[in-house]
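We did not get these values from a lab; they are worked out from the coordinates using the rules stated. Computed from a predicted model, the values in this text were never measured in an experiment. Using ideal geometry, Cβ is built from the backbone for each residue, glycine included, and neighbour counts are taken over all protein chains shown.
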Ligand SMILES: CC(C)(COP(=O)(O)OP(=O)(O)OC[C@H]1O[C@@H](n2cnc3c(N)ncnc32)[C@H](O)[C@@H]1OP(=O)(O)O)[C@@H](O)C(=O)NCCC(=O)NCCS
C-alpha cells in the first residue's frame, strides 16, 4: 500500500469488551499521559523516552507530535483506553514503515497500574492483525532491552520470533544498551 492509502483515515480498533484503541484526545488525555510519562522507572526501557516531562506543556507537545506523525505518514499511534470510562491506559504504535511499506515497527507502553493482566498481549494481537490484514504488512518487528522480560513475553505470546541480539545499539538515557530483535511475518 502507498503511504497515502495507509494514512488516509484513522481506524480505531476494538480489542475486547473492555479495551479500545482510539485516536488521542489532546485536552482530555494529557493529564493521564503526564502521569504515565512521569513514571521514569516504568518507562526506563521505552526507546526514545529520555526523562520525565517537566510539565503538562511538554506532554501536549508529545501528543501533538503523534498527531503530526500520522498526518505526515510516519506513525500510526493509538491511545489504549477503557471502553467504559474512556480513561487512558497506555499507547501502542506502528512506526518506521520501510521496504515500500511492507514492514513496520511496533512499540507500546501501559500505565503500571494495569500491568500483568494480559492487556498488552491483547492490544498487540489486535494491532498485528490490523497491520497484516488492513495495512498489508509482510513483517512487524521491534527491539527490546534484554532485561525487559515483560515486553519479550508479550511478543512471544503473540508468536514473534527472536531474530537476533545486537550489542550496544539501544540508546537509553544512561547510555547504549544491547537489544533483542523480534519479528513476525504475515506467513508465520
Ligand atoms: C511491557 C508492558 C507493555 C507489558 O504490558 P502488560 O499488559 O503488563 O503485559 P501482559 O500482561 O500482556 O504480559 C506480561 C507477561 O510478562 C510476564 N512478566 C512480567 N514481568 C515479569 C518478570 N519480571 N519476570 C518474568 N515474567 C514477567 C507476565 O507474567 C506476563 O506473562 P504471562 O502471561 O506468561 O504470565 C508493560 O510492562 C510496560 O508498559 N512497560 C513499560 C514500557 C515498556 O517497557 N514498553 C516496551 C518497550 S520494548
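Specify the residue that is nearest to the chain's Cα centre (by Cα); the eligible residues are those in region 99-120 that are within 6 Å of the ligand (Cβ to nearest atom) and without any contact (Cβ under 8 Å) to a residue 24 or more places away in the chain.
Let us first name the residues in region 99-120 that are within 6 Å of the ligand (Cβ to nearest atom), namely 108-110, 115-120.
The next check asks that each one be without any contact (Cβ under 8 Å) to a residue 24 or more places away in the chain; those that pass are 117-118.
Working: 117: 17, 118: 15 Å.
So the residue we want is 118.
Tell me which of these residue 69 doesn't satisfy, since it passes every other one: (1) closer than 20 Å to residue 10 by Cβ; (2) within 14 Å of the chain's Cα centre (by Cα); (3) within 16 Å of the ligand (Cβ to nearest atom).
Residue 69 satisfies all of (1) closer than 20 Å to residue 10 by Cβ; (2) within 14 Å of the chain's Cα centre (by Cα); (3) within 16 Å of the ligand (Cβ to nearest atom) except (3).
Restricting to region 63-75, what's the tally of residues that are assigned to a helix (DSSP H, G or I) and either in contact (Cβ under 8 Å) with a residue 40 or more places away in the chain or crowded, with 17+ Cβ neighbours inside 10 Å (or both)? Before you say what the answer is, go through the steps one by one.
Of region 63-75, the ones assigned to a helix (DSSP H, G or I) are 63-71.
Filter again for either in contact (Cβ under 8 Å) with a residue 40 or more places away in the chain or crowded, with 17+ Cβ neighbours inside 10 Å (or both), leaving 63, 66-67, 70-71.
So the count comes out to 5.
Take residue 174 and decide whether it is surrounded by fewer than 12 Cβ atoms within 10 Å (Cβ to Cβ), within 14 Å of the ligand (Cβ to nearest atom), over 27 Å from residue 1 (Cα atoms) and over 14 Å from the mean Cα position of the chain (by Cα). If you could, list the steps in order and put the result at the bottom.
Working: surrounded by fewer than 12 Cβ atoms within 10 Å (Cβ to Cβ): yes; within 14 Å of the ligand (Cβ to nearest atom): no; over 27 Å from residue 1 (Cα atoms): yes; over 14 Å from the mean Cα position of the chain (by Cα): yes.
No; evaluated as a whole, the condition is false for this residue.
Here is a list of conditions, (1) within 16 Å of the ligand (Cβ to nearest atom); (2) outside any loop (DSSP other than H, G, I, E, B); (3) in contact with a strand residue (DSSP E or B) (Cβ under 8 Å, 6 or more places away or on another chain); (4) within 21 Å of residue 171 (Cα to Cα), and residue 78 meets all of them except one; can you say which number that is?
Only one criterion is unmet by residue 78, namely (4).
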